[in-house]
Amino acid sequence: MKVVSVVGARPQFVKAAAVSRELRARHDEFLVHTGQHYDYEMSDVFFEGLEIPPPDVNLGVGSGPHGSQTGVMLKGIEEVLMLRRPDWLIIYGDTNSTLAGALAASKLSLPVAHIEAGLRSFNRRMPEEINRVVTDHLSNLLLCPSDTAVSNLAAEGISQNVHVVGDVMLDVLNWARRRVDTRPAEVMNRLGLREKSYVLATVHRSENTDDWTRLSHILCAFNSLDEPVVFPVHPRARRVITAAQWQPKPHVKLVDPVGYLEMVALVRSARLILTDSGGLQKEAYWLRVPCLTLREETEWVETVQVGWNTLVGSDSERIIQAARSFVPANSCPVLYGDGYAAGKCVDLLE
Ligand code: UD1
C-alpha cells in the first residue's frame with residue numbers, strides 16, 4: 001500500500017509518530033511536512049525526540065493569513081499527490097495543513113483517511129472547527145477517538161466508514177512515558193521545580209492570543225497564583241506578550257516551547273495544568289493531573305464529564321478560584337482507547 005501523510009503543526013508530529021511507526025513496518029509512506037511550523041522548537045525537536053523519520057518533502061509554506069497559508073499548501077500537496085498517486089492520503093486533527101490535504105486529495109479523487117475525526121467545539125469562530133467540519137465531509141475513512149465523535153458525525157449525516165479506534169496520542173504518550181521513567185527529569189532540575197508543587201500553563205489559541213483583553217486576564221491570573229507557574233510560550237503568544245511589554249511576577253517562568261519528552265515530564269510532575277490546548281487536556285488526564293481549560297468549550301468533553309477537567313474561560317477571578325479549589329474526581333475511567341490506536345488505523349486502511 002502506498003500512503004502519503006501530511007503533517008505541518010506541532011500536534012500532528014506527535015500523532016504521526018505513532019502511525020508512521022506502524023505504517024512503515026508494512027507499507028510505503030511518503031511524509032509531507034507543509035512547513036506550517038518551522039522553528040526548531042516547534043518542529044525539528046519533535047522529529048528528533050519522537051524518532052519520526054524525516055519528512056520526504058518540506059513545502060516550507062511558513063506563516064500567513066489562513067487563506068494564503070492554506071492555498072500555498074494546497075498547491076504543494078496537489079503536486080506531490082499527482083506524482084505519487086497514493087492509495088491513501090492520511091491527515092491528522094484540525095489544522096490548516098489538515099484542510100489543505102483533504103481538499104487536494106479529494107479533488108484528485110484520491111481516498112482520504114482522517115485521524116481524529118468527529119471532534120467538534122460547535123464554535124464556528126475557531127479556525128480549527130471550520131477545518132474539522134470540512135475535512136470530515138471530504139474524508140472516505142473517519143477514524144474517531146471516542147463515541148462522542150461518532151455521534152457528532154452522525155448528527156451531520158456521516159455514518160459510512162466511521163470507526164472508533166481510540167486516540168493515537170495515547171500510543172505516543174505510553175511510548176514516551178517509558179523513556180521519561182528511565183531518565184532523571186533534567187528539565188525539572190533546569191527549571192528548579194519540585195514534584196507536584198507548580199502549575200504548568202500553555203496558551204496559543206487565536207481566541208486567547210489575538211485578543212489582548214482575554215490574554216491579559218489570563219496572564220493576570222498567572223501573576224496572582226501562589227505557586228510557581230511554568231509557561232512554555234508559543235511564538236504566537238510570545239509576540240503579543242512582547243508587544244504589550246507584559247511583566248511576569250518572579251514566580252511565573254516564561255520559557256521557550258519544549259520538546260515532547262520534556263513536556264511529558266513537566267505534565268507528569270505538575271500539580272495542575274492550565275491550558276487552551278486540546279492535546280494537553282487529554283495528556284493531563286492520562287497522567288492523572290487535574291486540568292483547567294482556558295476556554296468556554298472543549299472538544300474533549302469526556303475529560304470534563306469524568307471530573308478531571310473544568311472550563312474556566314479567560315476570566316482572572318474564575319481561573320484563580322478554580323486553581324485554588326478544584327479537586328478532581330476519585331476515579332479515572334478509561335478514556336480514548338487502550339493505547340493501540342495506530343495499529344487499528346493501519347488495519348482499517350488495509
Ligand atoms: C496551529 C493550528 C492549531 C494547533 C497549533 C499547535 C491552525 C489553524 N491552527 O496554530 O490548531 O493547535 O498549530 O501549535 O492550523 N510561528 C512561529 N514559528 C513556528 C510556527 C508558528 O513563529 O514555527 C508563529 C507564526 O508567526 C504564526 C503564528 O505563530 O503567525 C501562528 O502559527 P500558525 O501555524 O498559523 O497557527 P498556530 O497558532 O500555531
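If you wrap the range 148-245 in the convex hull of its Cα atoms and look at it from every side, the mean projected area works out to 10.0 nm².
Over the range 1-144, the pair-distance histogram of Cα-Cα distances with 10 Å bins from zero comes to 13, 47, 36, 5, 0 percent, rounded to whole numbers. What the phi angles of the range 305-314 give under the Karplus curve with 6.51, -1.76 and 1.60, with θ = phi - 60°, is a coupling list of 4, 7, x, 10, 9, 9, 8, 10, x, 10 Hz, glycine and proline written as x. Rounded, prolate or oblate, given the Cα gyration tensor of the range 196-350, with a/c below 1.5 counting as rounded? Since a/c reaches 1.5 and a/b is larger than b/c, the shape of the range 196-350 is classed as prolate.
Between the amide H of GLY8 and those of PHE13, THR34, distances stay under 5 Å, these residues lying 5 or more places away or on another chain, with hydrogens modeled in the peptide plane.
Starting from the Cα of LYS282, draw a straight line to each of the lysines and keep only those under 16 Å, dropping any in the same chain fewer than 8 residues away. Within reach: LYS15. Counting every pair of alpha carbons in the chain, the share spaced more than 29 Å apart comes to 37 percent. Counting only the Cα atoms, the range 82-181 fills a convex hull of 125 Å³ per residue.
Model label points for ASN189 and VAL133, set 7 angstrom from Cα along the Cα-to-Cβ axis, are 5.1 nm apart. Computed about the Cα centre, the dipole magnitude for the range 62-135 is approximately 160 debye when only Lys and Arg (+1) and Asp and Glu (-1) carry charge, each at its Cβ. Rounded to the nearest 20, the Cβ-based charge dipole of the range 2-164 about its Cα centre (Lys and Arg +1, Asp and Glu -1) stands at 380 debye.
Each 5 Å bin, from zero up to the one with the longest distance, holds this percent of the alpha carbon pairs of the range 124-168: 5, 22, 31, 27, 12, 2. Between SER224 and ASP210, the modelled label-to-label distance comes to 2.7 nm, taking each label 7 Å out from Cα in the direction of the beta carbon.
Would you be so kind as to identify which of VAL150, THR135, PHE46 lies farthest towards the positive end of the dipole of the chain, taking Lys and Arg as +1 and Asp and Glu as -1 on Cβ and the Cα centre as origin? Result: PHE46. Residue separation of ARG239 and VAL327 scaled by 0.36 nm, minus their Cα-Cα distance, works out to 28.3 nm of gained length.
For the range 63-124, the Kirkwood estimate of the hydrodynamic radius, built from every pair of different alpha carbons, is 12.2 Å.
Values in this text are rule-based calculations from the coordinates and carry no lab data. None of the values given here were measured: they were computed from a predicted structure. Positions of Cβ are generated from backbone atoms using ideal geometry, with glycine treated the same way; all protein chains shown enter the neighbour counts.
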